[in-house]
1. What are the trypsin sites (Lys or Arg not before Pro) within the stretch 279-332 that DSSP puts in a loop, where the Cβ has at most 13 other Cβ atoms within 10 Å?
2. Grab the DSSP H runs of the chain that are 4 residues or longer, score each as -39,500 (n - 2.57), total them, divide by all residues and round the 222 nm result to the nearest 500 deg cm²/dmol.
3. Based on the Cα atoms of the stretch 172-302, what semi-axes does the equivalent ellipsoid have, where each is the square root of 5 times one gyration tensor eigenvalue, given in whole Å with the largest first?
4. Computed from the mean reciprocal separation of all distinct C-alpha pairs, what Kirkwood hydrodynamic radius does the chain have, in Å?
5. Counting other C-beta atoms within 10 Å, and keeping those with at most 10, which DSSP coil trypsin sites (Lys or Arg not before Pro) do you find in the stretch 170-261?
6. List the GluC sites (Glu not before Pro) within the stretch 232-323 that fall in a DSSP loop (any state other than H, G, I, E or B) and whose Cβ has at most 16 other Cβ atoms within 10 Å.
7. Hey, fewest Cβ within 10 Å first, where do Glu324, Glu52, Glu47 land in order?
Amino acid sequence: MNEPSGRGSKPPTHKLIAEKAGVHPSTVSRILRRAPGPRRSDFAETEERVREIAKSLGYRPDLTAASLRTKRSMVLGVLLPKLHDVVLATILSGIDTEAFSLGYQTIVTNTLGAPERRWERVEMLLSRKVDGLVIGDATLDERIYEELSRSRTLHVLVNHRAEGHVSVTGNDALGGRLVGEHLLEAGHREIGIIAGPRYPTALDRVRGCVEVYERAGIAVGEAQIVHTDFDPQGGRKAAQELLTLPRRPTAIFAVNDSAAIGAMGALRDHGLVVGRDMALVGYNDIAIAQDLPIPLSSVHTPLREMGETAARSLIDMLEGRTSESVALQPRLVVRDSSFSAESVPTST
């Protein structure tokens with residue numbers, strides 16, 4: 001076993017590692033520029049040998065030199081509006097894990113949904129010479145997209161979509177239809193919808209649910225659809241508004257689980273028990289949904305896979321391959337919070 005390089009000694013080169021491994025320096029370069037992981041079986045032994053030799057020599061890649069040579073930073077910028085949001089955090093985990101597995105690092109920044117902050121954060125990422133952007137902030141304005149186009153910055157949208165941009169989302173219209181079909185089959189003819197902000201993904205969820213009812217000849221009026229923020233406070237406020245309708249709903253569809261949790265609080269404050277007095281369905285199926293005191297029915301969206309797919313799509317574009325928009329398939333997970341309407345008295 002070779003001794004690691006000591007302080008002040010010349011760092012081991014790809015050429016030295018190649019000589020000891022019996023391979024070409026370009027092979028060493030190709031292996032060491034990417035993260036360890038599953039490879040072709042006929043190449044796995046070579047990769048393992050190269051990495052063991054590099055480790056024994058104390059090799060560490062010079063990322064700065066590599067960046068100057070290739071004119072690529074091997075860094076992806078990730079733009080999100082709320083890093084504490086559990087949905088976005090799950091997506092981010094997928095982005096970072098997939099990027100690292102393909103030899104890239106990530107720089108993540110938080111816009112807080114504020115217009116000037118969004119612009120500042122985009123400028124910061126571009127000044128850091130990131131190779132491309134994964135954008136999870138649905139509130140970006142056209143000025144930012146124009147700057148990305150002007151600077152020829154490749155980017156992929158995640159968990160939202162915009163015309164003319166590659167995006168990775170769930171099939172939100174289908175998810176809304178699954179909820180509508182479930183509630184209608186359970187006998188709920190009077191529903192309320194906590195619709196979230198007027199983003200395309202949220203509007204698709206609402207549209208999918210409403211279309212199911214319209215096909216059944218049941219109108220869902222404007223008063224039954226309340227737009228609010230994707231958080232518990234917004235869900236609570238919207239539920240309180242729905243409970244004042246002349247014909248109180250027997251079921252509520254919240255297009256985000258955090259809003260659904262807020263709605264649970266409002267229903268409790270009105271003396272209503274979710275799963276007995278009012279059906280409730282959320283969206284995204286976050287981890288806590290199944291562990292709430294009354295487990296929440298929710299549309300499961302593969303959030304981590306969404307992040308992985310977004311990172312992979314962007315890297316494909318960076319490496320000269322084509323990428324197209326992807327809509328991942330949701331599924332409805334029915335739990336105790338949604339039930340048959342047969343025993344529920346309707347308000348008049």
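Nothing in this text is a laboratory measurement; each read-out follows from the coordinates by a stated rule. For clarity, every value in this text was computed on a predicted model and none was experimentally measured. As a convention, Cβ positions derive from the backbone with ideal geometry for all residues, glycine included, and neighbour counts pool all protein chains shown.
1. On the way: sites: Arg304, Arg312, Arg321, Arg331; in loops: Arg321.
Within the stretch 279-332, the qualifying trypsin sites (Lys or Arg not before Pro) (loop, at most 13 other Cβ atoms within 10 Å) are Arg321.
2. Theoretical 222 nm ellipticity from helices: -13500 deg cm²/dmol.
3. On the way: eigenvalues 69, 56, 41 Å².
Largest first, the stretch 172-302 gives 19, 17, 14 Å.
4. 22.7 Å
5. Values: sites: Arg177, Arg189, Arg198, Arg205, Arg207, Arg215, Arg236, Lys237, Arg247; in loops: Arg189, Arg198, Arg247.
Those that pass, being in a loop and sparsely packed, are Arg198.
6. Numbers: sites: Glu241, Glu305, Glu308, Glu319; in loops: Glu319.
Counting only loop positions with at most 16 other Cβ atoms within 10 Å, the GluC sites (Glu not before Pro) in the stretch 232-323 are Glu319.
7. Values: Glu324 9, Glu52 13, Glu47 21.
Ascending number of Cβ neighbours within 10 Å: Glu324, Glu52, Glu47.
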